[in-house]
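Down below is the structure, laid out as structure tokens.
Each value in this text was obtained by applying a stated rule to the coordinates, not by laboratory testing. None of the values given here were measured: they were computed from a predicted structure. In this analysis, Cβ positions are derived from the backbone assuming ideal geometry, glycine residues included, and neighbour counts consider all displayed protein chains.
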Amino acid sequence: MLPERRDALLGFLALADRLKHTLRAAYTGERRENSAEHAWHVALIAVTLADEVAPKPDMAEVLAMIAIHDVVEIEAGDTFAFDDAGLLTQMERERAAADRIFGILPTDVGHRLRASWEAFEAQETPEARFAMGCDRLQGFLQQIECGAPAWLKVGLTKARSLVRMQPAIDLGAPFAPMIEALYERAMAEGLLRIS
């Protein structure tokens, strides 16, 4: 391995470690969850649910998307799903971050990781849709488990949350029944407003 390649790979891996310090709106216990914890939990959900989907997705591709899809948040920050102002600039901020972050890698690796990130964003393959379902399920579950302080702060309604969750619900099993059970719990616990 050439020293330049070695240094570029090490530089990227050191930069990626900063994902542990990118805070999300959800809490875990009494502190905010970070994006690295989120990615680990999404990966665990994917591994757990892989046999519940037919046909079974290519798990190497799924796990690559999950590992890389939030790396851009190191520079772009995490955008809360119900932050209307943040959502307006999210894609622009994340694309600029992707240019910088994947650009520090050797060209072949940078193109491969960027392609994985773009595939997740495009949602055109069964693997991307499965990864998205796992991502949405994790965020929804995490909010409910922590008492949904971010939802309560914005007065989130079930109807508004369904806009975000519907693509995962539309995937069918296993996501639809799990999300429906979580909605029942959220409503019973008063974590979402009816209207």
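Here are the numbers for this structure:
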item: Relative packing of 78-91, 57-70, which averages over residues the other C-beta atoms within 10 Å, highest first; result: 57-70, 78-91
item: Eligible aspartates and glutamates near K56 by straight Cα distance, threshold 20 Å, same-chain separation 8 or greater; result: E124, E127, D135, D170
item: Expected 222 nm ellipticity per residue - DSSP helices of 4 or more, -39500 (n - 2.57), all of the chain, to 500; result: -21500 deg cm²/dmol
item: Principal axis box of region 29-88, alpha-carbon based, largest edge first, Å; result: 38, 29, 20
item: Helix axis angle, 126-145 relative to the chain longest principal axis, alpha carbon, degrees; result: 50 degrees
item: For the chain, alpha-carbon Rg relative to the globular expectation (2.2 N^0.38 Å, N residues); result: 1.06
item: Cβ-based net charge around E94, under 9 Å, with every Lys or Arg adding one and every Asp or Glu removing one; result: -2
item: Dipole magnitude (debye, nearest 20) for the chain, charges at Cβ of Lys, Arg, Asp, Glu; result: 400 debye
item: Inter-centroid distance (Cα atoms) of region 85-113 relative to region 171-186, Å; result: 32 Å
item: By average C-beta atoms within 10 angstrom, highest first, the peptides 133-141, 110-118; result: 133-141, 110-118
item: Average Cα contact separation per residue, the chain, under 8 Å, 6 or more apart, as relative contact order %; result: 24 percent
